[in-house]
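Written below as structure tokens is the structure these notes are about.
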Amino acid sequence: MDAPRRFAGINWRGLYTLCLKETLRFVDSWMQTILGPAISSLLFLAVFVLALHGEERMVGDLPFLEFLAPGLIAMTVVQNAFANSSFSILVSKLQGNIVDVLMPPLGAIELTIGYVFGGVARGVVCGVTVAAGMALFVPFSIYDPLVLLFHAIFGSMMLSLFGVLAGVISDKFDHIGSITNFLVSPLAFLSGTFYSIANLPEFFQKAALFNPFFYMIDGFRFAFTGHADAAPIVGVAVMLTIDVLMFALVYRLIRAGYKLKA
């Protein structure tokens, strides 16, 4: 058998295989992992259009639907990035096949990158799918492609890393469900997805600035519309900092085999 191809201490062949495995895992069940979230986001849009007359509203100088659409796309990205990496690890632990990943010559760096890549891939694919669907109903354009690319990748990376962390520390589906229901979903819904924080009382405006999801949603919206509630450079700095810290934490836990090795 050929020796693993390594460069700079990384088993690139093994890393590629793990990334491929994590990608095929959600692609094979695309109706649930891609189409389902896209339909859910379009239903949110339909509620605001049909029931709440969103097409008649304005947020500043932006039509409400053009303001709302980027937030819904970003929320879909982060929720699916989290779901992919967290459930991938937890299911492997519960089924006992996590050993199939731990036994090959894959180090903590390859495992961390591989699982995070899967989450990022699913988040971005879901985001593109939702954007394509919404483009049929909402006339939006891209204001800054580089900012959009940055927030799509590093925003989904942030939630994918958090998903890996959740999968590692969880022992059953109830734990993942609690993290999703009491942390991920509230932070996503209170991040300015459906409103501008400029409309909030001063206390809640300041509180929103401590929500890391806000900077991803706000940056995503800026990339589409040029409108932002916070300076885009601040959002870039916050997301880079959180991603680096989260990567270091997840790497250390995987390297220590925390709740992964019997």
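Using each residue's phi in segment 157-168, evaluate 6.51 cos²θ - 1.76 cosθ + 1.60 at θ = phi - 60° and report the 3J(HN,Hα) Karplus result to the nearest Hz, with x for Gly and Pro.
Here the 3J(HN,Hα) series is 5, 4, 6, 5, 4, 5, x, 4, 4, 5, x, 5 Hz.
I want the local charge near Gly119. Using Cβ-Cβ distances under 15 Å, sum +1 for each Lys or Arg and -1 for each Asp or Glu among the other residues. Mind showing how you got there, number by number?
On the way: positive: Lys21, Arg25, Arg122; negative: Glu22, Asp243.
Spelling it out: positives minus negatives among the neighbours equals +1.
Using only DSSP helix segments of four residues or longer, with each worth -39500 (n - 2.57), what per-residue ellipticity at 222 nm results for the chain after dividing by its residue count and rounding to 500? Could the numbers behind the result be given before it?
Values: 11 runs with 173 residues, N = 262.
Counting only the DSSP helices, I get -22000 deg cm²/dmol.
Scattering from the C-alpha atoms of segment 71-217 alone, worked out with Debye: what is log10 I(q)/I(0) at q = 0.08 1/Å?
Here log10 of I(q) over I(0) equals -0.26.
With r defined as the distance between the Cβ atoms of Ala51 and Ile233 and R0 fixed at 45 Å, what FRET efficiency is calculated, to the nearest 0.05?
So, using R0 = 45 Å, E works out to roughly 0.75.
Under a Cβ-Cβ cut-off of 11 Å, what is the net charge of the residues other than Ala108 that fall near it, where Lys and Arg count +1 and Asp and Glu count -1?
+1
Which residues' amide hydrogens lie under 5 Å from the amide hydrogen of Asn11, considering only partners 5 or more residues apart or on another chain, with H built in the peptide plane?
Those qualifying (amide H under 5 Å, at least 5 residues apart or on another chain) are Gly107.
Let me know the whole percent of all Cα-Cα pairs from the chain that are separated by more than 33 Å. Intermediate results must be reported in sequence, preceding the final value.
Working: 7538 of 34191 pairs.
In whole percent, the long-distance tail amounts to 22.
When only C-alpha pairs under 8 Å and at least 6 residues apart count, what is the relative contact order of the chain, in percent? Before the final figure, lay out each step's value.
Values: 356 pairs, mean separation 65.9, N = 262.
Answer for the chain is 25 percent.
Filter the chymotrypsin sites (Phe, Trp or Tyr not before Pro) in segment 61-138 down to the DSSP loop ones having no more than 14 other Cβ atoms within 10 Å, then list what survives. List each step's numbers first, then the result.
Details: sites: Phe64, Phe67, Phe82, Phe87, Tyr115, Phe117, Phe137; in loops: Phe137.
Those satisfying the criteria are Phe137.
Calculate, in nm to one decimal, what Asp100 and Leu245 gain on full extension: separation in residues at 0.36 nm each, minus their alpha carbon distance.
Numbers: separation 145, 0.36 × 145 = 52.20 nm, distance 2.77 nm.
That works out to 49.4 nm of additional length.
Which of Leu65, Thr180, Val164 sits farthest toward the positive end of the charge dipole of the chain, with +1 on the Cβ of Lys and Arg and -1 on the Cβ of Asp and Glu?
Ranked along the dipole, the leading option is Val164.
To two decimal places, what compactness ratio does segment 169-215 give when its Cα radius of gyration is scaled by 2.2 N^0.38 Å?
Working: Rg = 13.2 Å, N = 47, 2.2 N^0.38 = 9.5 Å.
In units of the globular-protein estimate, segment 169-215 measures up at 1.39.
Values quoted throughout were computed directly from the atomic coordinates according to the rules given, and no laboratory measurement underlies them. All figures in this text were calculated on a predicted structure; none of them were measured in a lab. Cβ: placed from backbone, ideal geometry, glycine included. Neighbour counts: every protein chain shown.
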